[in-house]
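Working notes for the structure below.
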Amino acid sequence: MFRSRTAPLAKQFAGAQRQVLSRRGYASPDAGGGGNMPLVLGLAGLAGLGGYVYLQRNPSTQAAISANKNEALGRAEDAADSLKGKAQAGAAALSANANEAIGRSKDKAQEVKDDVKGPFDEERKAMGNPGAAPVEALIKNSWVDFKLEKVEPYNHNTKIYTFSFPDSESIAGGKAASALLTKASDPQALLDDKGKPVIRPYTPISHSDEKGNLRLLVKEYPTGKMSKHIANLKPGETLAFKGPIQKYEYKPNEFAHGVTIGGGSGITPMYQMISHSLSLPEDKTKWTLIFANVTEKDILLREEWDRLAKQHPDRFKAVYTLDNPPFMLWKGEKGFVTKEMISKYLPSDHNEKANTKFFVCGPPGQYAAVCGPKDGMKQGEIKGALGELGYTNDNVFKF
Ligand SMILES: Cc1cc2nc3c(=O)[nH]c(=O)nc-3n(C[C@H](O)[C@H](O)[C@H](O)COP(=O)(O)OP(=O)(O)OC[C@H]3O[C@@H](n4cnc5c(N)ncnc54)[C@H](O)[C@@H]3O)c2cc1C
């Protein structure tokens, strides 16, 4: 079919060639052999144009074009898919790289942060950062020397000693009720009968958070080793300290009623615990202090006890008993602490009585009479007045 439609075109081409020859008027060949070339090219162009038109209109050609188009489309889609895949793979690779880069920058940031953490902390400390915990001057397992700053007389045999810490910003630390141990700074200066250094506990009367120093209220005993050593210290000299030692871990509202029985200088642990409890608004614990002394002027911290009783009349009561009470106007108790005296001040409410805790700290004779002696570092059995009243180790703590 395609060939039969080209025959008329060849005829037209031959006719056109004849017309061109007749117009030139001679039949000699063109100079250079190309005299008819423009005509030939023109005819060839016409034939090409005709062919193109013919092919465009021909259904077979259109089918072929359509097939080609579909094939091309398919190839284009394949290429697009391939590009899409490559793009996705590229994006995934980029994302992985980005994540890796983020990870690396995070690591770097942390390194930088770590680098600057130390110096900032030092700076904060130097600036007295209010959020930072204060440093404790006492060390639990080592002896540290504190310098005696000043001595103030309290009564005829007791003085208040202020010892300063090497760092004026540090505190003693420790919770109610805790004590600290003392020893002579020169270990050979104060030895017991067995040739070992004399070590004695004391409870500071200063607050555990007080900065720069601590205060001890020390009663001097005529034959006492440590109390005499401290009494002989001059300002500028030192005493070795260790602690704090938690003697009893006080918890607010642990019991309804606390009864403290003290004698002489063994009153400071009671003062620390009771004043701490009364300072806590959420603590409802009631306290009774039975404090035994020889004469009225021996009552240590009396102004403090009377102040606390006035401030907390529903929570604190102080009872003083004296061996030698004043001849007149003595409203307190007389003589040693007995079973009857303790019973008199016990809460009348049975439930509250069952929820009562006793604390004892005093001279050896008082331990024996009130609760039985301690067994070395152990509490020992409850004997004496409290034992007779039926109390056991669950109800009694010996400082
Ligand atoms: C937890 C705790 C906290 C203490 N806190 C303080 C405190 O803050 N201030 C303070 O001054 N003391 C306090 N003491 C008592 C202190 O530890 C000493 O026992 C006291 O200073 C006497 O020691 P000394 O070496 O001078 O006497 P020592 O050489 O032990 O005894 C010599 C003689 O002194 C007499 N004696 C000793 N202690 C007493 C006493 N308590 N009552 C009556 N006579 C006694 C005895 O006759 C004894 O034979 C506390 C005790 C404890 C357990």
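The values are calculated or read from the model by the stated rules, or taken from the named source; none is laboratory data. All values reported here derive from a predicted model rather than from experimental measurement. Ideal geometry is used to build each Cβ from the backbone, glycine not excepted, and the neighbour counts take in all protein chains shown.
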Do we have any residue at all in the range 260-281 that's farther than 30 Å from residue 386 by Cβ, free of Cβ contacts under 8 Å to residues at least 60 places away in the same chain and either in the same structural domain as residue 386 (by TED's automatic domain parsing) or more than 12 Å from the ligand (Cβ to nearest atom) (or both)?
yes
Give the range 380-399 a look and list any residue that's within 16 Å of the ligand (Cβ to nearest atom), within 23 Å of residue 253 (Cβ to Cβ) and not in a strand (DSSP E or B), or say none.
399
Does the range 207-226 contain any residue that is within 14 Å of the ligand (Cβ to nearest atom), part of a helix (DSSP H, G or I) and in contact with a helix residue (DSSP H, G or I) (Cβ under 8 Å, 6 or more places away or on another chain)?
no
Those residues of the range 310-324 which are buried (at least 19 other Cβ atoms within 10 Å of the Cβ) and either farther than 23 Å from residue 177 by Cα or in contact (Cβ under 8 Å) with a residue 40 or more places away in the chain (or both) amount to 316, 321, 322
Cβ contacts < 8 Å: first residue of a type in the set (S, T, N, Q), restricted to the range 143-164; second residue modelled with pLDDT of 95 or more and assigned to a loop (DSSP other than H, G, I, E, B), any location; separation 6+ or different chain. Result?
155/300; 157/220; 158/220; 158/300; 164/212
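When residues of the range 302-315 are filtered for being among the acidic types (Asp, Glu) and in a loop (DSSP other than H, G, I, E, B), how many remain? If you could, list the steps in order and put the result at the bottom.
The initial filter retains those residues of the range 302-315 that are among the acidic types (Asp, Glu), namely 303-304, 306, 314.
With in a loop (DSSP other than H, G, I, E, B) added as a condition, the list becomes 314.
Total meeting the criteria: 1.
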Is there a residue in the range 230-238 that is within 14 Å of the ligand (Cβ to nearest atom) and touching a helix residue (DSSP H, G or I) at 6+ places or on another chain (Cβ under 9 Å)?
no
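Looking at the structure I just gave you, is residue 347 closer than 21 Å to residue 267 by Cα and assigned to a loop (DSSP other than H, G, I, E, B)? Step through it out loud before you land on a result.
Working: closer than 21 Å to residue 267 by Cα: no; assigned to a loop (DSSP other than H, G, I, E, B): yes.
Judged against the criteria, residue 347 is not a match.
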Consider residue 134 carefully, then state whether it is within 15 Å of residue 242 (Cβ to Cβ), outside the structural domain of residue 265 (by TED's automatic domain parsing), not polar (S, T, N, Q) and not in a strand (DSSP E or B).
no
Picked from the range 354-364 (must be more than 16 Å from the ligand (Cβ to nearest atom) and surrounded by 14 or more Cβ atoms within 10 Å (Cβ to Cβ)), the residue farthest from residue 274 (Cα to Cα) is 355
Just checking, which of 367, 345 is under 20 Å from residue 394 (Cα atoms) and within 15 Å of the ligand (Cβ to nearest atom)?
367
So residue 294 passes all but one of these: (1) more than 36 Å from the chain's Cα centre (by Cα); (2) within 15 Å of the ligand (Cβ to nearest atom); (3) within 19 Å of residue 358 (Cα to Cα). Which condition number does it fail?
(3)
Could you check how many residues of the range 185-198 are surrounded by fewer than 16 Cβ atoms within 10 Å (Cβ to Cβ) and either in the same structural domain as residue 270 (by TED's automatic domain parsing) or not in a strand (DSSP E or B) (or both)?
9
Might you let me know whether the range 162-178 holds any residue that is buried (at least 17 other Cβ atoms within 10 Å of the Cβ), away from the ligand (no atom under 15 Å from the Cβ) and within 24 Å of residue 248 (Cα to Cα)?
yes
